[in-house]
Amino acid sequence: MGITLSNGGFTFELERDWAKLPSGPDWYFKDVAGVGVDAHDRVYVFNRGPHPMIIFNKDGEFIKSWGEGVFTRAHGITMGPDDTVYCTDDGDHTVRRCTLDGRVLMTLGVPHQAAPFQSGKPFNRCTHVALSPDGEFLFVTDGYGNSSIHKYTKDGKHVLTWGEPGTDPGQFNIVHNIAANQDGDLFVADRENHRVQIFDGDGNYKGQWNNMHRPCAIYKNAGFDNYFYLGELGPAMPVNWYIPNLGPRLTIMDEGGKVLARIGDRPSPQEQSIFSAPHGIAVDSRGDVYVGEVTWTNMVGGDRGHKEVPPGHLITLQKLHRR
């Protein structure tokens, strides 16, 4: 029986062992950086283990894997409207558009060639992709070695870049994730500035949401309930690791930035967190939520960041079954 999580009228049953991996020493998740769900509710798990993309059906049964020898360091996954998937690799500074069975159709960036640090030129450790509602444009957050967003046509022509390091509107401190709504506005997880910034498709600043702690993942659920799902990493420094109400957690918000629910937040220092480091989020047609976590250097429920533990002992992929 799973753990029941409820807040703000949302109730989920936590299923940590939902995904059934094949047996063998190289079948494990090492940091699930991104999660995607296709039109048939198949779940695509983009991770940093030996098999970068692992696909499951809606019941968690293994279908196939791909990406071996292609990806260096999985970071972001975005499902396209045309049975394609955009895979952002911050280890080799590329975005690859792939078919659902792994054939590479387009590559943005030059593999293993980073743009100069904080130059604003694509890419230096890019992080994620969002698509315009009509599918004509894609937007790449870039990322760890830049503080920029790049706009491309669907066939890979660079159109526009905006952003720079800083804390003012239109500036970023680790531009980590991005999602678009049905009007074409862009919602950008400006992680270390503890906010989500909002822009139109031409890079014009429209506002921001501030009531969050290190937003890492952001997913716009255009199907089931039209809400935003955010993964907040929570504290990074030992001085506030165990302060309550800072995460790590899953936050559900409406388009106006109102918090509807916070799931998994630790209410007191003595209680163990449900999440460790939520990094990628997707929602299927039934409203079930899949949370990928990057926990390779974290002890589960213990001293975070002090020692490595075997992959089988890590929280890496969790399913929240909507009740």
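The values are calculated or read from the model by the stated rules, or taken from the named source; none is laboratory data. Keep in mind that what you see is a predicted model, and the values were worked out from it rather than measured. Note that each Cβ is placed from the backbone with ideal geometry, even for glycine, and that neighbours are counted across all protein chains shown.
Considering region 55-71 alone, what residues qualify as being buried (at least 16 other Cβ atoms within 10 Å of the Cβ) and either among the aromatic types (Phe, Trp, Tyr) or closer than 13 Å to CYS87 by Cα (or both)? Correct list: PHE56, TRP66, GLY67, VAL70, PHE71.
Pick from region 134-170 the residues that are closer than 12 Å to ASP202 by Cα and among the β-branched types (Val, Ile, Thr): which of them is surrounded by the fewest Cβ atoms within 10 Å (Cβ to Cβ)? Looking at the filtered set, the residue picked out is VAL159. A count restricted to region 252-290 and to residues that are more than 20 Å from LEU186 (Cα to Cα) and among the small types (Gly, Ala, Ser) stands at 8. Restricting attention to region 138-161, the residues being farther than 18 Å from ILE218 by Cβ and either hydrophobic (A, V, I, L, M, F, W, C) or part of a loop (DSSP other than H, G, I, E, B) (or both) number 8. So for region 45-64 (the condition being of a type in the set (Asp, Glu), in contact with a strand residue (DSSP E or B) (Cβ under 8 Å, 6 or more places away or on another chain) and modelled with pLDDT of 95 or more), does at least one residue qualify? Looking for residues that are of a type in the set (Asp, Glu), in contact with a strand residue (DSSP E or B) (Cβ under 8 Å, 6 or more places away or on another chain) and modelled with pLDDT of 95 or more, one finds at least one in region 45-64, hence yes.
Checking each residue in region 171-197 for being under 19 Å from GLY120 (Cα atoms), crowded, with 16+ Cβ neighbours inside 10 Å, out of contact with any Leu (no Cβ under 7 Å at 6 or more places or on another chain) and not acidic (Asp, Glu) picks out GLN171, PHE172, ILE174, VAL175, HIS176, ASN177, LEU186, VAL188, ALA189, ARG191, ASN193, GLN197. Contact map, region 87-114: residues that are farther than 14 Å from PRO52 by Cβ paired with residues that are assigned to a loop (DSSP other than H, G, I, E, B) and aliphatic (A, V, I, L, M), Cβ distance under 6 Å, separation 6+ or inter-chain. Pairs shown: HIS93/ALA114.
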